[in-house]
Amino acid sequence: MIQDNQVPAAGSVRALKPGISDMTPIKKVAIVGLPNTGKTQIFNNLTGEYNIVANYPGTTIEMKRTITVIKDAHYEIIDTPGLHCLYIHSEEEVAVRDMILAEAPDVVVQCVDASQYKQSLLLTAELLELETPMVVVLNSMDETGRKGLWMDSVELEKLLGIPVVESAAMRGLGKEELKVAITRARRSTLGIKYGFHIESRINDITSVLPFEQAFKHKIAVLFLMSDLFIGQFLEKKYGKEKAGAVLEAVTRIRLEGKANIRQSINDKRNQWVDRISEAVVRRQKIPYEGLSYHLTQASRHPLFGIPIFLALMAVVYLSVVYVSGALDKVVNFLVVTPAVDLIMMLSLPPFWNDMLIGNHGILTLGLFNAICTVLPILSVFFFVFGCFEDSGYITNFTVFSKRVFEKIGIPGNAITSMVLGFGCKTMATLSTRGLTVRKEKYIAVFLIAFAIPCSAQLGISMAILAKVGLSAFLIVFGVLILCEAAAGMFLNSIIKGKAESAFIQVIPPLRLPSIKAVCRKTYHRIIDFLKEALPIFLFSAVGLFIFDKIGFLEITKRALTPVVVGWMGLPKDIIDVFLLALARREAAAGLILKMVDAGALTYVQSIVAVVVTTISFPCVANIFAIGREMGWKTALSMTLLIFVSSFALVGVLNMTLMFVFPGR
């Protein structure tokens, strides 16, 4: 077992709080469960930390750790990505299981969405085989009651032999009861019995496993299930020679058993789940079909889903246009105008005046661009986007959009990653690690990087296009959709192999989001934006100012004029936007917005500018994510392909628009 003062596994983040040293005894608590069952909210409630919570799978991509005090004892709480079972299907699940097997947490907390009780109980059956202290949290009990579904937590606790806590994590209910349950977590003695033949095979395998290996019983079961990754775990831990001897002995033992031993194990588990379900689950005879049910069904319908999607996009568009527009005017009145007037009154030397409030000024291009131009738009967009997340619409949209994505070679679990790209392209790219088909993964990663705008860029682009006109908005997003579809079909046709992973998705019903929860999420996203982006805005402004003063900026503009002006039809000053885009897309989009306000861009140029900054090249963080998931050779070649193809497409777009809209 890994000691408390050791470094956690790679890919996880551990936060030590003040007053806690490496010598402090710390117990580990791993929060596990199916995707979208409220694990991160439980983590937030236990620790007082805040991680983004969203009502769709894939939000948690890497394990997060923090140390907190419960009943005068120190606990390291570990938030994990979604886990369907311990028989592994994806790399994310491998990381979670390997953490459990390697670190042997003192307590496992299984988060169960009561509306997914059968799938969750199958995972419970596997977790019980770890023979480690456990707690089961029945989350979203307030919602399941409204659906006519009720789980008897007292009876479930009796049948499982471990503490069971009822919870409504989003409202903070059950938090204190869970803390108490963690302190009295215990091992269950009421797991599944597989029968003499299988149990004897399990005992034979445990006898050949290394003496010091924890969870021998569970590892033996995984070997009997022919798990593809458990051998790799032993090889990583003990080396090829020792693990090879174990694998050889295991293979011999497995061949001595029944040919259908895996099916026998699954049958026993399903029988166990059915027995537990019958004892603890109660359903009303009349099915629940309220407004939420009908809206959920309509949002996924191939016909009715279209007007619902368009209506929601209209809400986003109008919010960004009018609400953020009003905020922008207030902030400019209260901050920008007084600050600029004050500096003008000081009559500073030209150099300092330019450095502060010139075209590349630290205040005008840096600070004011971030907090007065970009921030009001992002604040409104983050709030509206948060409402969509917490309402459950995004997950339902993945089902609605499934038919479209299948046409371009993106079936299965890649759909969720594609939709996540509208939140954060970097995190969406990392979420593709769950895709096991190389072709499918390559297409998904490319399309995420290519023409899907992240939430920050999407919000500001909407604000830019709103100033130009609704037709510009429709043209830009029509072009982006066509680019994605064409790129997907092209890649699907030239890359060998089939993209055929299964589409497995837990679909929540639509519900009214908690305004308090959405406001909190919006606040944290704004704070994260300011921490990450504000220094980049300032440094970018300083860099452009220096380049301008030493003449490098003018040389660059002259060199790129034939491409920028001649091919793309944009003014020479748009090169400032391209340079800013290398550092931060929001900074570039904010400068485009300023140029539109100043009348420096025509109707056609505004459209072309938004399109080129969206598809020209991935942001630096996304390039690193691509390198991590696909390898650096693939990441660099993909970036180059996007860069070249985007400028070719933008030139064609410019000529087309000039032909259709002459003089605009």
Inset, instruction - Using the structure shown, decide if V250 is crowded, with 17+ Cβ neighbours inside 10 Å, assigned to a helix (DSSP H, G or I), in contact (Cβ under 8 Å) with a residue 40 or more places away in the chain and not basic (K, R). - result: yes
Legend entry - Wholly enclosed helices (runs of 4 or more DSSP H) of segment 263-362 bearing at least 1 residues of a type in the set (F, W, Y) and touching a helix residue (DSSP H, G or I) at 6+ places or on another chain (Cβ under 7 Å): 305-318
Legend entry - So T206, is it at pLDDT 85 or above, farther than 22 Å from I42 by Cα and in contact with a Lys or Arg (Cβ under 9 Å, 6 or more places away or on another chain): yes
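One line per residue, one yes/no per condition, for (1) crowded, with 21+ Cβ neighbours inside 10 Å; (2) under 28 Å from the mean Cα position of the chain (by Cα); (3) at pLDDT below 85:
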| position | (1), (2), (3) |
| --- | --- |
| K516 | no, yes, yes |
| F537 | yes, yes, yes |
| I546 | no, no, no |
| A559 | no, no, no |
| A583 | no, yes, yes |
| A587 | yes, yes, yes |
| I607 | yes, no, no |
Inset, instruction - Take segment 151-170 and flag every residue that is in a helix (DSSP H, G or I) and not charged (D, E, K, R). - result: S153, V154, L156, L159, L160, A169, M170
Inset, instruction - Report whether or not E131 is assigned by TED's automatic domain parsing to the domain that holds I70 and not in a loop (DSSP other than H, G, I, E, B). - result: no
Legend entry - Within segment 68-97, considering residues that are charged (D, E, K, R) and surrounded by 19 or more Cβ atoms within 10 Å (Cβ to Cβ), the one nearest to E629 (Cα to Cα): E92
Legend entry - Options I592, I623; residue that is over 28 Å from V336 (Cβ atoms), in contact with a helix residue (DSSP H, G or I) (Cβ under 8 Å, 6 or more places away or on another chain) and among the β-branched types (V, I, T): I623
Inset, instruction - Taking I592 as meeting all but one of (1) surrounded by fewer than 22 Cβ atoms within 10 Å (Cβ to Cβ); (2) among the β-branched types (V, I, T); (3) closer than 17 Å to S540 by Cβ, write down the number of the exception. - result: (1)
Legend entry - Long-range neighbours under 7 Å by Cβ, at least six apart or interchain, first residue farther than 13 Å from A456 by Cα and in contact (Cβ under 8 Å) with a residue 12 or more places away in the chain within segment 580-591, second assigned to a helix (DSSP H, G or I) and of a type in the set (D, E, K, R): L591/D576
Legend entry - Qualifying residues in segment 183-238 (those that are among the basic types (K, R) and under 25 Å from V107 (Cα atoms)) - the one farthest from the chain's Cα centre (by Cα): K193
Inset, instruction - Would you list the helices (runs of 4 or more DSSP H) that sit entirely within segment 508-625 and hold 1 or more residues that are closer than 30 Å to A444 by Cβ and β-branched (V, I, T)? - result: 515-550, 574-583, 585-597, 603-615
Inset, instruction - Would you mind listing the helices (runs of 4 or more DSSP H) fully within segment 171-240 where at least 1 residues are loosely packed, with under 14 Cβ neighbours inside 10 Å? - result: 175-183, 196-208, 230-238
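The values are calculated or read from the model by the stated rules, or taken from the named source; none is laboratory data. These figures come from a predicted structure and were not determined experimentally. Counting neighbours? That spans all protein chains shown, and the Cβs are built from the backbone with ideal geometry, glycine included.
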